[in-house]
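Scroll down for the structure; my scribbles are underneath it.
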Amino acid sequence: ERYQVTKLLGNGTYGSVSRGVVKTSGEVVAIKKMKKKFFSWEECLELREIKVLRKVTHPNIVKLKEVIRAQDELHLIFEYCEKNLVELMQERTSPLPEPQIQEIITQILRGLTALHKAGFFHRDMKPDNVLVSNSTYKIADFGLAREIRSQPPYTEYVSTRWYRAPEILLHSLRYSTQVDLFAVGCIMAELYLLRPLFPGTNEVDQLNRLCSVLGTPSWPEGERLASAKNYCFPQYVSTPLQSLIPNASPVALDFLRSVLRWDPSQRPSAEACLEHSFFSPPSMQRQIAPPVMNRMRAESPENRLRPAKHASLGQYGASIITRSNKQIGMGRHRF
C-alpha cells in the first residue's frame, strides 16, 4: 500500500523485480517479489539474501530498505540502481577506459571485503550482479551467498559458468571466498574485452578454455578432483594475457594473473587485492615485487584458517523496526 509498481524489470527462478515509487515521497525503489510463500517472519529472516543484508551495510553493496510480508507473499524493497554492468557494456561502442575499469573493480573489491569480513561469500559474482548507480558500483543478488563458517559440503548449483572458479567446476565440496576473487578476474577481463574471457558451453568446455589461457595446472588438489570426475586436463602452455587483452596495461595484467589462478590458496583476499599497485594512483603504479605478491597470497582467507568474525547489526549502524498484523498476516521489517 506504500509503494506503486511502475514497471516490471525482469522475472527469475525465485521471483520478479519491478521498479516502483514510494507514494508519499516519489522515491524510486526496486521491488523484488518472491515466488515462494512465506508463512512466518522466522521463515523470512532465514532467507539468505535477508540474512546477509541484515549484517552488511556498505556503499558498494546494494541496500535492502524494507521487507514486507502480506498474505504470505514476501516483498524485498531495495534502493534503485539504473543498470548493471552487462547493460553498461552493451551501451559501449568502444572499450571502456582503463581508469573506469580500475574504479569499477576497486569498488567491487571494497564491497567483497566488507562481505567477507562479515562472514559471507557471494558465490555468484558476475556482471549481471553488479549494479550501477551514478558512478557507484554495488554488488547485488545474495540468493546463493553462504556463511564462511558454515559446514561443507556445498552441493547445490552455484555461479554462472563463465565466471565459475575451477574448484567449483571440478565439483569440490570445500571452497570459500576465493571463488569470488576468481570471478572478479573474469569480470575485469570482460570489461576490457566487452565479451567473456572464458565463454564455455558446458563444464568440460569451460575447463578446456581455462587450460587454453591459464595453461595446464600444476595443482595436486585439482588433479585429484579431476580424476574423481574422470576428467583429464589437456596439455597447454599458458597464453600471454597481453595477447588476449592488448588494451590492458602491464600492471592491470599483473593483477589479473594474481586472481586468475588455478589454486585457490594462491589467490589474494579481496582486502589484499586492494594493495596491488593497479589500484594505486598512476604516478605510483609499478610492477609489484614478488615479496609483495607472496604477502598478498599469505593473507588470503584460505591461508588463514581462523573463522571470520561475524559483525553485529550494531557495528554497522543498522536497525530493524517490526510491525505485524496477525489478522491479515502482514508485517514489515525496515533496515
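Every read-out reported here was derived from the displayed coordinates using simple, explicitly stated rules and does not represent laboratory data. What you see is a predicted model, and the numbers here were worked out from it, not measured in a lab. Note: ideal-geometry Cβ built from the backbone for every residue, glycine included; neighbour counts use all protein chains shown.
Numbers for the structure displayed
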read-out	value
Order of 173, 9, 131 under a 10 Å beta carbon neighbour criterion, fewest first	173, 9, 131
Flagged links, alpha-carbon separation over 22 Å, of 7/35; 32/55; 32/65; 36/83; 51/138; 23/63	36/83
Mean separation of Cα contacts under 8 Å, 6 or more apart, over the residue count of the stretch 83-303: relative contact order %	20
Additional length obtainable on full extension of the chain from residue 202 to residue 160, 0.36 nm per residue less Cα span	14.0 nm
Sparse-neighbour loop sites [chymotrypsin sites (Phe, Trp or Tyr not before Pro); the stretch 21-106; at most 14 other C-beta within 10 Å; DSSP]	39
Projected label distance in nm at residue 46 and residue 236, using a 7 Å step from Cα toward the beta-carbon	4.3
The stretch 61-181: C-alpha gyration tensor shape, a/c 1.5 cut-off, then a/b vs b/c	oblate
Percentage relative contact order, the stretch 1-131, counting C-alpha pairs under 8 Å, at least six apart	20
